[in-house]
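The values are calculated or read from the model by the stated rules, or taken from the named source; none is laboratory data. Predicted model only: the values in this text are computed from it and were never measured. Counting neighbours? That spans all protein chains shown, and the Cβs are built from the backbone with ideal geometry, glycine included.
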(Lines give C-alpha, C1' and ligand atoms only; values in the text may rest on other atoms or scores of the structure.)
Protein backbone atom coordinates (compact mmCIF):
# COMPACT_ATOMS: atom_id res chain seq x y z
CA UNK A 1 0.00 0.00 0.00
CA UNK A 2 1.32 3.42 -0.87
CA UNK A 3 1.73 5.97 1.91
CA UNK A 4 1.41 9.71 1.50
CA UNK A 5 2.94 11.90 4.21
CA UNK A 6 1.04 15.09 4.71
CA UNK A 7 2.80 18.38 5.44
CA UNK A 8 2.33 18.27 9.21
CA UNK A 9 3.58 14.68 9.43
CA UNK A 10 6.69 15.48 7.41
CA UNK A 11 7.53 18.43 9.69
CA UNK A 12 7.09 16.37 12.83
CA UNK A 13 9.26 13.55 11.53
CA UNK A 14 12.06 15.92 10.62
CA UNK A 15 12.02 17.74 13.95
CA UNK A 16 12.06 14.49 15.94
CA UNK A 17 15.44 13.50 14.43
CA UNK A 18 17.17 16.83 14.36
CA UNK A 19 19.63 18.10 16.89
CA UNK A 20 18.84 21.63 15.82
CA UNK A 21 15.65 23.37 14.83
CA UNK A 22 14.36 22.67 11.32
CA UNK A 23 13.18 25.82 9.57
CA UNK A 24 10.79 25.47 6.63
CA UNK A 25 10.31 28.07 3.92
CA UNK A 26 6.64 28.94 3.98
CA UNK A 27 5.13 29.35 0.55
CA UNK A 28 7.90 27.43 -1.22
CA UNK A 29 6.42 24.07 -2.20
CA UNK A 30 8.54 21.42 -3.87
CA UNK A 31 7.75 21.22 -7.58
CA UNK A 32 9.29 19.24 -10.41
CA UNK A 33 10.43 19.65 -13.99
CA UNK A 34 10.48 16.09 -15.34
CA UNK A 35 11.82 14.85 -18.66
CA UNK A 36 12.26 11.41 -20.17
CA UNK A 37 14.97 10.03 -22.42
CA UNK A 38 13.61 10.14 -25.94
CA UNK A 39 13.20 6.47 -26.73
CA UNK A 40 9.65 5.85 -25.61
CA UNK A 41 8.11 7.79 -28.48
CA UNK A 42 11.09 7.90 -30.81
CA UNK A 43 10.87 5.20 -33.47
CA UNK A 44 13.28 6.19 -36.23
CA UNK A 45 16.89 5.64 -35.15
CA UNK A 46 18.08 9.18 -35.92
CA UNK A 47 21.28 8.98 -33.88
CA UNK A 48 20.10 11.34 -31.15
CA UNK A 49 20.67 8.93 -28.29
CA UNK A 50 20.32 10.65 -24.92
CA UNK A 51 18.05 13.43 -26.13
CA UNK A 52 15.10 14.26 -23.93
CA UNK A 53 11.41 14.91 -24.29
CA UNK A 54 8.93 16.43 -21.88
CA UNK A 55 7.37 13.96 -19.50
CA UNK A 56 3.73 13.54 -20.65
CA UNK A 57 1.40 15.71 -18.61
CA UNK A 58 -1.28 13.00 -18.80
CA UNK A 59 0.85 10.71 -16.61
CA UNK A 60 2.09 10.87 -13.02
CA UNK A 61 5.11 9.48 -11.17
CA UNK A 62 6.15 8.79 -7.57
CA UNK A 63 8.95 10.25 -5.46
CA UNK A 64 11.02 9.40 -2.40
CA UNK A 65 12.89 12.41 -0.94
CA UNK A 66 15.33 12.66 1.95
CA UNK A 67 16.52 15.88 3.61
CA UNK A 68 19.90 16.61 5.08
CA UNK A 69 18.78 18.24 8.32
CA UNK A 70 22.28 19.20 9.49
CA UNK A 71 22.31 16.90 12.51
CA UNK A 72 25.92 15.97 11.84
CA UNK A 73 25.06 12.61 10.31
CA UNK A 74 24.66 13.62 6.68
CA UNK A 75 21.52 12.91 4.69
CA UNK A 76 18.92 11.43 6.99
CA UNK A 77 17.51 8.51 5.02
CA UNK A 78 15.69 7.21 8.09
CA UNK A 79 13.23 10.10 7.89
CA UNK A 80 11.89 10.66 4.38
CA UNK A 81 10.64 14.09 3.49
CA UNK A 82 8.53 12.47 0.76
CA UNK A 83 7.67 8.81 1.17
CA UNK A 84 6.41 7.36 -2.11
CA UNK A 85 4.45 10.52 -2.92
CA UNK A 86 2.54 10.70 -6.18
CA UNK A 87 3.43 13.68 -8.40
CA UNK A 88 1.08 14.96 -11.10
CA UNK A 89 0.66 17.94 -13.42
CA UNK A 90 -1.65 20.51 -11.84
CA UNK A 91 -2.35 24.03 -13.11
CA UNK A 92 0.94 24.26 -14.96
CA UNK A 93 3.17 22.72 -12.25
CA UNK A 94 4.38 19.24 -11.33
CA UNK A 95 3.78 18.78 -7.59
CA UNK A 96 2.33 16.40 -4.99
CA UNK A 97 -1.10 15.14 -5.98
CA UNK A 98 -2.18 15.17 -2.32
CA UNK A 99 -0.73 17.36 0.41
CA UNK A 100 1.91 20.10 0.35
CA UNK A 101 5.62 19.44 0.71
CA UNK A 102 7.98 22.36 1.41
CA UNK A 103 11.70 22.84 0.98
CA UNK A 104 13.82 22.97 4.16
CA UNK A 105 15.31 26.44 4.60
CA UNK A 106 18.77 24.90 5.08
CA UNK A 107 20.52 21.76 3.96
CA UNK A 108 19.91 19.72 0.85
CA UNK A 109 17.40 17.16 -0.41
CA UNK A 110 17.94 13.96 -2.41
CA UNK A 111 15.15 12.85 -4.76
CA UNK A 112 14.43 9.39 -6.18
CA UNK A 113 11.54 8.92 -8.62
CA UNK A 114 9.96 6.11 -10.61
CA UNK A 115 7.17 5.53 -13.12
CA UNK A 116 4.49 4.23 -13.25
CA UNK A 117 3.23 4.70 -9.72
CA UNK A 118 1.42 1.36 -9.90
CA UNK A 119 4.74 -0.48 -9.44
CA UNK A 120 5.50 -2.07 -6.07
CA UNK A 121 8.26 0.24 -4.84
CA UNK A 122 10.27 0.52 -1.65
CA UNK A 123 13.38 2.50 -0.78
CA UNK A 124 16.34 0.37 0.29
CA UNK A 125 18.33 2.08 3.04
CA UNK A 126 20.04 -1.10 4.26
CA UNK A 127 22.42 -1.51 1.32
CA UNK A 128 24.83 0.70 -0.55
CA UNK A 129 24.21 2.46 -2.75
CA UNK A 130 20.80 3.38 -1.37
CA UNK A 131 18.08 3.42 -3.99
CA UNK A 132 14.64 2.48 -5.24
CA UNK A 133 13.74 -1.21 -5.35
CA UNK A 134 10.92 -2.35 -7.65
CA UNK A 135 9.57 -5.87 -7.17
CA UNK A 136 7.22 -8.04 -9.18
CA UNK A 137 7.46 -5.95 -12.35
CA UNK A 138 5.24 -7.31 -15.14
CA UNK A 139 5.90 -5.53 -18.42
CA UNK A 140 3.01 -7.21 -20.18
CA UNK A 141 3.16 -9.50 -23.19
CA UNK A 142 0.91 -7.71 -25.68
CA UNK A 143 2.64 -5.40 -28.15
CA UNK A 144 1.22 -1.92 -27.72
CA UNK A 145 -0.15 -2.59 -24.24
CA UNK A 146 2.98 -2.76 -22.11
CA UNK A 147 4.30 -0.57 -19.32
CA UNK A 148 7.56 1.34 -19.83
CA UNK A 149 9.22 1.59 -16.37
CA UNK A 150 11.36 4.68 -15.77
CA UNK A 151 13.58 5.84 -12.90
CA UNK A 152 15.23 9.14 -12.04
CA UNK A 153 17.23 10.64 -9.20
CA UNK A 154 19.01 13.85 -8.38
CA UNK A 155 20.97 14.53 -5.20
CA UNK A 156 21.90 17.45 -2.95
CA UNK A 157 19.30 19.90 -4.22
CA UNK A 158 19.10 23.30 -2.47
CA UNK A 159 15.79 25.12 -2.51
CA UNK A 160 17.30 28.55 -3.16
CA UNK A 161 19.11 27.25 -6.25
CA UNK A 162 16.60 24.71 -7.49
CA UNK A 163 13.08 26.13 -7.48
CA UNK A 164 12.03 23.11 -9.56
CA UNK A 165 13.54 19.67 -9.24
CA UNK A 166 14.86 18.72 -12.69
CA UNK A 167 14.33 15.00 -12.99
CA UNK A 168 15.51 13.09 -16.05
CA UNK A 169 13.80 9.70 -16.27
CA UNK A 170 15.66 6.80 -17.84
CA UNK A 171 14.38 3.50 -19.18
CA UNK A 172 15.25 0.35 -17.23
CA UNK A 173 14.14 -2.12 -19.90
CA UNK A 174 15.45 -2.92 -23.37
CA UNK A 175 13.43 -1.86 -26.39
CA UNK A 176 13.34 -4.00 -29.52
CA UNK A 177 12.22 -3.18 -33.05
CA UNK A 178 12.76 -4.56 -36.54
CA UNK A 179 13.09 -3.11 -40.02
CA UNK A 180 12.82 -5.06 -43.25
CA UNK A 181 13.89 -4.41 -46.84
CA UNK A 182 14.43 -6.20 -50.15
CA UNK A 183 18.14 -7.01 -50.25
CA UNK A 184 18.09 -8.45 -53.77
CA UNK A 185 20.89 -7.01 -55.92
CA UNK A 186 19.46 -8.05 -59.30
CA UNK A 187 17.33 -5.08 -60.35
CA UNK A 188 14.85 -7.12 -62.41
CA UNK A 189 13.84 -9.12 -59.33
CA UNK A 190 12.69 -6.17 -57.24
CA UNK A 191 9.21 -6.03 -55.75
CA UNK A 192 8.64 -9.79 -55.57
CA UNK A 193 9.04 -10.45 -51.84
CA UNK A 194 6.24 -9.95 -49.30
CA UNK A 195 6.93 -10.10 -45.58
CA UNK A 196 4.07 -11.62 -43.63
CA UNK A 197 5.10 -12.14 -40.02
CA UNK A 198 7.90 -11.25 -37.62
CA UNK A 199 8.01 -12.93 -34.20
CA UNK A 200 10.58 -12.59 -31.40
CA UNK A 201 10.66 -15.83 -29.39
CA UNK A 202 11.34 -16.47 -25.69
CA UNK A 203 11.74 -12.85 -24.58
CA UNK A 204 11.75 -12.13 -20.82
CA UNK A 205 9.03 -9.86 -19.45
CA UNK A 206 9.06 -9.92 -15.63
CA UNK A 207 11.42 -9.56 -12.68
CA UNK A 208 12.69 -7.33 -9.87
CA UNK A 209 14.82 -4.21 -10.30
CA UNK A 210 17.20 -2.58 -7.82
CA UNK A 211 18.68 0.82 -8.69
CA UNK A 212 22.47 1.04 -8.79
CA UNK A 213 25.15 3.70 -8.75
CA UNK A 214 24.23 4.84 -12.26
CA UNK A 215 20.63 5.90 -12.74
CA UNK A 216 18.77 3.49 -14.99
CA UNK A 217 21.58 0.91 -14.98
CA UNK A 218 20.54 -1.10 -11.94
CA UNK A 219 20.38 -4.85 -11.41
CA UNK A 220 17.54 -7.12 -12.56
CA UNK A 221 16.89 -10.33 -10.62
CA UNK A 222 14.19 -13.03 -10.40
CA UNK A 223 13.73 -12.82 -14.17
CA UNK A 224 11.16 -15.36 -15.25
CA UNK A 225 8.17 -15.04 -17.58
CA UNK A 226 9.06 -15.66 -21.22
CA UNK A 227 6.85 -14.59 -24.09
CA UNK A 228 6.68 -14.41 -27.87
CA UNK A 229 6.15 -10.97 -29.44
CA UNK A 230 4.57 -10.62 -32.86
CA UNK A 231 5.91 -7.28 -34.05
CA UNK A 232 4.49 -7.59 -37.57
CA UNK A 233 1.53 -9.50 -38.98
CA UNK A 234 0.05 -8.86 -42.39
CA UNK A 235 1.41 -8.73 -45.93
CA UNK A 236 3.68 -6.02 -47.20
CA UNK A 237 5.71 -5.96 -50.39
CA UNK A 238 9.26 -5.00 -49.55
CA UNK A 239 11.17 -2.27 -51.31
CA UNK A 240 14.91 -1.77 -51.50
CA UNK A 241 14.61 1.17 -49.12
CA UNK A 242 14.78 0.08 -45.51
CA UNK A 243 11.69 0.94 -43.49
CA UNK A 244 9.71 0.05 -40.39
CA UNK A 245 7.00 -1.57 -42.50
CA UNK A 246 4.83 1.42 -41.67
CA UNK A 247 2.22 1.08 -44.41
CA UNK A 248 -0.59 0.15 -42.07
CA UNK A 249 0.44 -3.47 -41.60
CA UNK A 250 1.59 -3.29 -37.98
CA UNK A 251 -0.25 -4.52 -34.97
CA UNK A 252 -0.92 -1.53 -32.70
CA UNK A 253 2.27 -0.98 -30.72
CA UNK A 254 4.05 1.55 -28.51
CA UNK A 255 3.48 4.88 -30.26
CA UNK A 256 2.21 3.05 -33.36
CA UNK A 257 5.55 1.37 -34.01
CA UNK A 258 6.80 -2.19 -34.10
CA UNK A 259 8.71 -1.67 -30.86
CA UNK A 260 8.22 -3.50 -27.58
CA UNK A 261 10.16 -3.71 -24.31
CA UNK A 262 11.70 -6.67 -22.50
CA UNK A 263 13.67 -7.29 -19.33
CA UNK A 264 17.42 -6.91 -19.94
CA UNK A 265 18.96 -10.36 -19.69
CA UNK A 266 21.53 -12.71 -21.19
CA UNK A 267 20.88 -14.10 -24.67
CA UNK A 268 21.36 -17.87 -24.53
CA UNK A 269 22.31 -20.47 -27.13
CA UNK A 270 20.84 -23.52 -25.39
CA UNK A 271 17.39 -24.31 -24.03
CA UNK A 272 14.76 -21.64 -24.65
CA UNK A 273 16.89 -19.61 -27.02
CA UNK A 274 15.81 -16.12 -28.01
CA UNK A 275 15.17 -16.14 -31.75
CA UNK A 276 13.66 -14.15 -34.57
CA UNK A 277 11.12 -15.96 -36.76
CA UNK A 278 10.49 -14.38 -40.15
CA UNK A 279 7.72 -15.48 -42.51
CA UNK A 280 7.61 -14.32 -46.12
CA UNK A 281 6.28 -15.31 -49.55
CA UNK A 282 7.47 -14.73 -53.12
CA UNK A 283 5.27 -13.81 -56.08
CA UNK A 284 5.69 -15.53 -59.45
CA UNK A 285 8.45 -14.00 -61.55
CA UNK A 286 10.63 -14.58 -64.63
CA UNK A 287 14.37 -14.11 -64.92
CA UNK A 288 17.00 -15.20 -67.48
CA UNK A 289 14.41 -17.02 -69.58
CA UNK A 290 13.01 -19.05 -66.67
CA UNK A 291 9.52 -18.73 -65.18
CA UNK A 292 9.38 -19.27 -61.44
CA UNK A 293 6.04 -20.04 -59.74
CA UNK A 294 4.92 -18.25 -56.61
CA UNK A 295 6.49 -19.52 -53.39
CA UNK A 296 4.03 -20.01 -50.51
CA UNK A 297 4.79 -18.72 -47.05
CA UNK A 298 8.15 -19.83 -45.69
CA UNK A 299 9.52 -19.29 -42.19
CA UNK A 300 13.16 -18.83 -41.24
CA UNK A 301 14.36 -18.95 -37.61
CA UNK A 302 17.32 -16.72 -36.70
CA UNK A 303 18.91 -17.23 -33.25
CA UNK A 304 19.73 -13.91 -31.59
CA UNK A 305 22.83 -15.34 -29.94
CA UNK A 306 25.86 -13.69 -31.49
CA UNK A 307 23.83 -10.81 -32.90
CA UNK A 308 23.97 -8.50 -29.83
CA UNK A 309 27.08 -7.12 -28.13
CA UNK A 310 28.24 -9.41 -25.32
CA UNK A 311 25.06 -11.48 -25.86
CA UNK A 312 23.14 -9.40 -23.35
CA UNK A 313 20.25 -6.97 -23.64
CA UNK A 314 21.05 -3.86 -21.59
CA UNK A 315 18.97 -1.35 -19.63
CA UNK A 316 17.90 1.70 -21.61
CA UNK A 317 19.24 0.40 -24.92
CA UNK A 318 17.19 0.17 -28.10
CA UNK A 319 17.93 -2.76 -30.40
CA UNK A 320 16.85 -2.41 -34.02
CA UNK A 321 17.19 -5.60 -36.06
CA UNK A 322 17.66 -4.73 -39.74
CA UNK A 323 16.28 -7.64 -41.74
CA UNK A 324 17.15 -8.03 -45.43
CA UNK A 325 15.44 -10.65 -47.62
CA UNK A 326 16.99 -11.45 -50.99
CA UNK A 327 16.08 -13.38 -54.15
CA UNK A 328 19.74 -13.72 -55.08
CA UNK A 329 21.20 -17.18 -54.61
CA UNK A 330 19.92 -20.08 -56.67
CA UNK A 331 18.25 -17.65 -59.07
CA UNK A 332 21.31 -15.44 -59.37
CA UNK A 333 22.93 -15.42 -62.81
CA UNK A 334 26.56 -16.52 -62.98
CA UNK A 335 28.64 -13.37 -63.27
CA UNK A 336 32.27 -12.45 -62.74
CA UNK A 337 34.31 -9.69 -61.14
CA UNK A 338 37.79 -9.96 -62.67
CA UNK A 339 40.83 -8.21 -61.20
CA UNK A 340 44.60 -8.43 -61.77
CA UNK A 341 46.78 -8.80 -58.73
CA UNK A 342 49.83 -6.56 -58.41
CA UNK A 343 53.37 -7.87 -58.83
CA UNK A 344 55.02 -9.38 -55.80
CA UNK A 345 58.28 -7.47 -55.22
CA UNK A 346 61.56 -9.18 -54.35
CA UNK A 347 64.53 -6.92 -53.57
CA UNK A 348 67.75 -8.32 -54.98
CA UNK A 349 70.80 -6.65 -53.48
CA UNK A 350 74.54 -7.38 -53.17
CA UNK A 351 75.43 -6.58 -56.77
CA UNK A 352 78.28 -4.05 -56.94
CA UNK A 353 80.04 -3.07 -60.14
CA UNK A 354 83.73 -2.08 -60.19
CA UNK A 355 83.53 0.96 -62.49
CA UNK A 356 87.30 1.12 -63.02
CA UNK A 357 87.74 -2.42 -64.23
CA UNK A 358 84.23 -2.92 -65.57
CA UNK A 359 83.81 -6.05 -63.48
CA UNK A 360 81.84 -7.13 -60.49
CA UNK A 361 83.39 -6.56 -57.09
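Scan the stretch 187-212 for residues that are closer than 17 Å to residue 114 by Cβ and modelled with pLDDT of 90 or more and jot them down.
Answer for the stretch 187-212, where residues must be closer than 17 Å to residue 114 by Cβ and modelled with pLDDT of 90 or more: 206, 207, 208, 209, 210, 211.
Scan the stretch 197-226 for residues that are assigned to a strand (DSSP E or B) and more than 18 Å from residue 121 (Cβ to Cβ) and report the count.
9
Failed condition for residue 75, given (1) assigned by TED's automatic domain parsing to the domain that holds residue 124; (2) modelled with pLDDT under 70; (3) loosely packed, with under 14 Cβ neighbours inside 10 Å, with all others met?
(3) is the only condition that residue 75 fails.
Just checking, which of 115, 101 is in contact (Cβ under 8 Å) with a residue 12 or more places away in the chain, assigned by TED's automatic domain parsing to the domain that holds residue 87, closer than 22 Å to residue 223 by Cα and crowded, with 20+ Cβ neighbours inside 10 Å?
None of the others qualify; the one that does is 115.
Quick one: how many residues across the stretch 287-319 are more than 17 Å from residue 182 (Cβ to Cβ), modelled with pLDDT under 90 and not in a loop (DSSP other than H, G, I, E, B)?
Within the stretch 287-319, residues that are more than 17 Å from residue 182 (Cβ to Cβ), modelled with pLDDT under 90 and not in a loop (DSSP other than H, G, I, E, B) number 4.
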